[in-house]
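The values are calculated or read from the model by the stated rules, or taken from the named source; none is laboratory data. Since this is a predicted model, take the numbers as computed values, not measurements. Please note: Cβ atoms are built from the backbone with ideal geometry, for glycine as well, and neighbour counts cover all protein chains shown.
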């Protein structure tokens, strides 16, 4: 059974991400952990911590978190009653990324799912600050990011942008292969040509990736570098009606 962690701030986008994940794995039972974290800023008076106010604030925030999680729990159980998923809620007063990392380890999490923006997300930002922090800090678990107000579509077309400069461990592309196997997806490898030919390392990684994908429907797309990489990827997504884009998170990028 796949174990999936879904942090929430109770925004519509966060719930949409949770709903998307239940549909993405609609054909297999999953254990979902719905996580809400909150931070208590204890007032400091004349150099001393006012613990009574701190306790009162904690109790209030904790009650609010637990109540909102209960509402989310009942909503997702109702909205996924035709599926064989189970749900558990977690409320904790700790830093979000620290808690996610600990929960990944303690609950043996296979996937973290988040929306792009939360309650206070600015319309001009692609991802909210919490989502960016999670992507940067989570190193031992794949993260699925669901765009704001994104309706579920079966990921029939999957894009995998790569520069072939990195060795691909089988464990790193396993999430890609797992999803592709669920929907018999077409995996489109997307490479932007920055040089006329691949160097020896790129050639090796290219052939290795093809071996990993040998049992899956896939194609290789060689794109001339005629603009910014982000724009080229977006154009590719539009042209081929891509439902899901998968990228490897490099240490420095």
Note on segment 174-190: residues surrounded by fewer than 19 Cβ atoms within 10 Å (Cβ to Cβ) and either within 18 Å of residue 233 (Cα to Cα) or in contact (Cβ under 8 Å) with a residue 60 or more places away in the chain (or both) are 175, 182, 186
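Residues that are closer than 28 Å to residue 132 by Cα and more than 18 Å from the chain's Cα centre (by Cα), at least 3 per element: which strands (runs of 3 or more DSSP E) completely within segment 147-233 meet that?
Result: 186-193.
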Here the residues within segment 29-59 that are modelled with pLDDT under 70, within 30 Å of residue 114 (Cβ to Cβ) and in contact with a helix residue (DSSP H, G or I) (Cβ under 6 Å, 6 or more places away or on another chain) are 42
- If we scan segment 66-85, do we find a residue that is under 19 Å from residue 8 (Cα atoms), surrounded by fewer than 19 Cβ atoms within 10 Å (Cβ to Cβ) and at pLDDT below 95? no
Practice item. Might you let me know whether segment 210-231 holds any residue that is within 30 Å of residue 104 (Cα to Cα), in contact with a strand residue (DSSP E or B) (Cβ under 6 Å, 6 or more places away or on another chain), surrounded by fewer than 18 Cβ atoms within 10 Å (Cβ to Cβ) and modelled with pLDDT of 90 or more? Key: yes
